[in-house]
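The values are calculated or read from the model by the stated rules, or taken from the named source; none is laboratory data. Here the structure is a predicted model, which means the values were calculated and not measured. Here the Cβ is made from the backbone with ideal geometry for all residues, glycine too, and neighbour counts use every protein chain on show.
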Amino acid sequence: MTSQLKNIAVFASGNGSNFEAIATACLNNEINGARVSLLICDKHHAFALQRAKRLNIPAFEFDPKAFGSKSEYEQKILETLRAYSIDLICLAGYMRIVGSTLLEAFPKKILNIHPSLLPAFKGAMAIIEAFEFGVKVFGVTVHLIDGAIDEGTIIAQRAFEYHGDSITEVETKIHEIEHDLYPEAINSILSTI
Ligand code: GRF
């Protein structure tokens, strides 16, 4: 009956702590009826690749520079996703804009996590920008992607107040929330697909 499990692919470019949190949540049944079947990575030195090895999850590394175009790069990824019967894609620190090849193949089935309360502080420097702006309420957003940077239907958000002066404390709290909120959002989206 394991074939009934939904297959999740996580895309990561770096550390991969969210990748590991999602994989662990599946193993602990905190995400129902799904498993992380695949890691897709675009960076040779990403620590996420080492986590995949330890977790015994197949990992595929594709260098976008080795392809003639974004669509050729994504077509190669798509072949791999199909080979693993992937149902849902979770972007977790994947530092690329997903193009039409993947968006059209997985409509409303690509999630992203962003370390701010969207629509505030889009982009790669969200935490530092929010901190330097002096906000007192920080947060995390999980959303479906639609091709624009950090846009698309919001699935889950969680906020917290912070009045201190340490960006490290803010980052730590954000990552703690991410590791809890992403599995929660995945559960709610899986019930619709
Ligand atoms: C997270 O903060 C996520 O919100 C952002 O990139 C970071 C990835 O962290 N999109 P990790 O690689 O999962 O540890």
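In summary, helices (runs of 4 or more DSSP H) completely within region 29-111 and bearing 1 or more residues that are over 15 Å from residue 145 (Cβ atoms) and of a type in the set (Asp, Glu) occur at 70-83. Restricting region 6-18 to residues that are more than 8 Å from the ligand (Cβ to nearest atom) and among the hydrophobic types (A, V, I, L, M, F, W, C), the residue that is surrounded by the most Cβ atoms within 10 Å (Cβ to Cβ) is 10.
Reported count of residues in region 90-121, each being touching a Leu at 6+ places or on another chain (Cβ under 9 Å) and over 30 Å from residue 167 (Cβ atoms), is 6.
Among the residues of region 11-26, those identified as out of contact with any strand residue (DSSP E or B) (no Cβ under 8 Å at 6 or more places or on another chain) and either of a type outside the set (A, V, I, L, M, F, W, C) or more than 20 Å from residue 193 (Cβ to Cβ) (or both) are 14, 15, 17, 20, 21, 24.
In region 16-29, the residues that are closer than 16 Å to residue 41 by Cα form no Cβ pair under 8 Å with any partner that is more than 9 Å from the ligand (Cβ to nearest atom) and at pLDDT below 95, whether six or more places apart or across chains.
Of all the listed residues (146, 165, 150), the sole one being within 13 Å of the ligand (Cβ to nearest atom), of a type outside the set (Val, Ile, Thr) and either outside any strand (DSSP E or B) or free of Cβ contacts under 8 Å to residues at least 12 places away in the same chain (or both) is 150.
Of all the listed residues (34, 48, 21), the sole one being surrounded by 16 or more Cβ atoms within 10 Å (Cβ to Cβ) and more than 16 Å from the ligand (Cβ to nearest atom) is 34. In region 178-188, is there at least one residue being surrounded by fewer than 18 Cβ atoms within 10 Å (Cβ to Cβ), outside any strand (DSSP E or B) and among the aliphatic types (A, V, I, L, M)? No, region 178-188 has no match at all. For region 168-183, a residue qualifies if it is within 13 Å of the chain's Cα centre (by Cα) and away from the ligand (no atom under 14 Å from the Cβ), but none of them does.
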